[in-house]
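Each reported figure results from applying straightforward, stated rules to the coordinates on display, with no laboratory input. Remember, predicted model here, so these are calculated numbers, not experimental data. Virtual Cβ from ideal backbone geometry, glycine too; neighbours counted across all protein chains shown.
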Amino acid sequence: MAFPQTRLRRLRRTPVLRDIVRETDVRARQLMLPLFVEAAIDGHRPIEALPGVSRHGIESAVAEAAEAQELGLGGVVLFGIPSEKDEQGSEAWDDEGVVQLATRAIKAAHPDVIVVTDVCLCEYTSHGHCGLLRDDGSVDNDRSLDLLARTAVSHARAGADLVAPSDMMDGRVGHIRGELDSEGFSDIPIMAYSAKHASGFYDPFREAAGSTPSFGDRRAYQMDPANGDEAVREALLDVEEGADIIMVKPALSALDLIYRVKQETRMPVAAYQVSGEYAMIKTSSMDDRRLALETLTAIRRAGADIVITYFAKDAARWLGT
Ligand code: PBG
């Protein structure tokens with residue numbers, strides 16, 4: 001009797017047969033493109049730490065969103081870079097803030113583009129922390145919740161399809177859900193960054209958004225990368241509070257958590273292939289196309305339904321979808 005491997009080799013060698021037995025696919029629809037928007041600029045400005053990625057003025061962001069749609073992507077995720085930062089991060093919940101302006105402009109020009117908005121204060125606060133500070137410099141979790149909820153409601157009012165809180169304050173999903181419901185946005189889903197590690201992989205993002213904390217770090221409110229059970233507990237808590245999509249971040253250093261969170265929650269799971277993961281591949285001397293597709297496949301194989309990635313446009317082109 002021949003070894004089964006003989007047939008396996010044939011399956012691998014013959015493109016159609018290989019496709020038939022392939023377990024995991026990556027399609028453009030499953031990918032979302034992060035977009036940095038900055039009202040104060042015309043056109044776009046390259047971000048040094050992220051080769052091939054730019055900060056966009058409003059018009060340029062609309063053009064990017066149109067391209068995302070033409071390429072069949074699942075949507076865009078907006079991150080705002082305000083013109084001014086202050087202690088409370090007040091541009092975050094300003095109806096005329098940069099994310100609100102960009103959301104309205106994108107939805108007016110291309111109503112079918114799915115717009116997800118990042119809900120956090122760190123891009124807007126002068127100190128770069130994700131919540132309000134007490135006099136002693138520690139983050140005041142409970143007082144931050146109202147501001148985060150106001151931000152989410154303001155994004156919904158501007159036309160956001162999904163809001164994505166990334167601040168990691170405790171209880172924020174429930175608080176945001178309550179405010180959205182009472183303001184008439186009970187149909188707007190929450191994509192919660194549930195398992196978000198305090199990670200060195202966010203550095204290029206912080207350079208792009210100017211959101212590096214001016215003192216201290218985020219270890220008090222972001223998770224210890226050593227903890228997996230805690231990630232599952234956080235995800236389950238967010239589900240209880242009303243999260244509709246659960247996010248794990250970063251992706252490649254947390255493939256086990258993508259798997260576990262999917263198994264434990266049975267919710268739609270998103271994974272964020274963050275700035276440092278992108279930069280690591282993009283600036284290496286290896287084949288970036290091959291590495292991007294290999295890592296995206298691994299993230300999908302781990303159980304992610306949605307992948308947020310700076311490779312989204314490239315990947316859609318490479319995949320030919
Ligand atoms: C805001 C936020 C961050 C990222 C997404 N939302 C930065 C951080 O937590 O410091 C990182 C995304 C990336 O690195 O691409 N809280």
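Computed values, structure above
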| quantity | calculated |
| --- | --- |
| Test set (1) more than 17 Å from residue 166 (Cα to Cα); (2) more than 19 Å from the chain's Cα centre (by Cα); (3) not in a loop (DSSP other than H, G, I, E, B); (4) not charged (D, E, K, R) - residue 259 fails condition number | (2) |
| Residue in region 76-96 that is nearest to residue 140 (Cα to Cα), counting only those that are crowded, with 17+ Cβ neighbours inside 10 Å and free of Cβ contacts under 8 Å to residues at least 40 places away in the same chain | 90 |
| Condition broken by residue 264, with the remaining ones in (1) in a helix (DSSP H, G or I); (2) within 16 Å of the ligand (Cβ to nearest atom) satisfied | (2) |
| Identity of the residue in region 159-169, outside any loop (DSSP other than H, G, I, E, B) and crowded, with 22+ Cβ neighbours inside 10 Å, that ends up farthest from the ligand (Cβ to nearest atom) | 163 |
| Residue satisfying condition, being more than 14 Å from the ligand (Cβ to nearest atom), crowded, with 22+ Cβ neighbours inside 10 Å and in contact (Cβ under 8 Å) with a residue 40 or more places away in the chain, within set 39, 65 | 65 |
| From 232, 269, 261, residue being surrounded by 16 or more Cβ atoms within 10 Å (Cβ to Cβ), farther than 22 Å from residue 119 by Cβ and among the hydrophobic types (A, V, I, L, M, F, W, C) | 232 |
| Any hit, region 10-28, residues being part of a helix (DSSP H, G or I) and under 25 Å from residue 247 (Cβ atoms) | yes |
| Filtered residues of region 222-240 (kept if out of contact with any strand residue (DSSP E or B) (no Cβ under 6 Å at 6 or more places or on another chain) and either within 13 Å of the ligand (Cβ to nearest atom) or of a type in the set (Lys, Arg) (or both)) | 233 |
| Region 97-126 - residue that is within 15 Å of the ligand (Cβ to nearest atom) and either of a type in the set (Ser, Thr, Tyr) or surrounded by fewer than 19 Cβ atoms within 10 Å (Cβ to Cβ) (or both) and, of those, farthest from the chain's Cα centre (by Cα) | 125 |
| Lone unmet requirement of (1) surrounded by 21 or more Cβ atoms within 10 Å (Cβ to Cβ); (2) polar (S, T, N, Q); (3) more than 8 Å from the ligand (Cβ to nearest atom) for residue 211 | (3) |
| Condition met for residue 278 (of a type in the set (Ser, Thr, Tyr), out of contact with any helix residue (DSSP H, G or I) (no Cβ under 9 Å at 6 or more places or on another chain) and within 12 Å of the ligand (Cβ to nearest atom)) | no |
| Subset tally (residues that are over 29 Å from residue 69 (Cβ atoms) and either of a type in the set (Asp, Glu) or not in a strand (DSSP E or B) (or both)) for region 112-133 | 8 |
| Positions within region 124-158 being more than 24 Å from residue 206 (Cβ to Cβ) and in contact with a strand residue (DSSP E or B) (Cβ under 7 Å, 6 or more places away or on another chain), in sequence order | 156 |
| Residues of region 278-293 classified as more than 18 Å from residue 46 (Cα to Cα) and buried (at least 17 other Cβ atoms within 10 Å of the Cβ), total | 3 |
| Residue check for residue 243: away from the ligand (no atom under 11 Å from the Cβ), within 14 Å of the chain's Cα centre (by Cα) and either under 27 Å from residue 175 (Cβ atoms) or not in a loop (DSSP other than H, G, I, E, B) (or both) | no |
| Scan of region 168-222 for residues that are of a type in the set (D, E, K, R) and either touching a residue at least 40 places away in the same chain (Cβ under 8 Å) or closer than 27 Å to residue 136 by Cα (or both), ordered by number | 170, 172, 177, 196, 203, 206, 207, 217, 218, 219 |
| Single residue of region 127-144 satisfying the filter (in contact with an Asp or Glu (Cβ under 8 Å, 6 or more places away or on another chain) and more than 13 Å from residue 220 (Cα to Cα)) that is surrounded by the most Cβ atoms within 10 Å (Cβ to Cβ) | 144 |
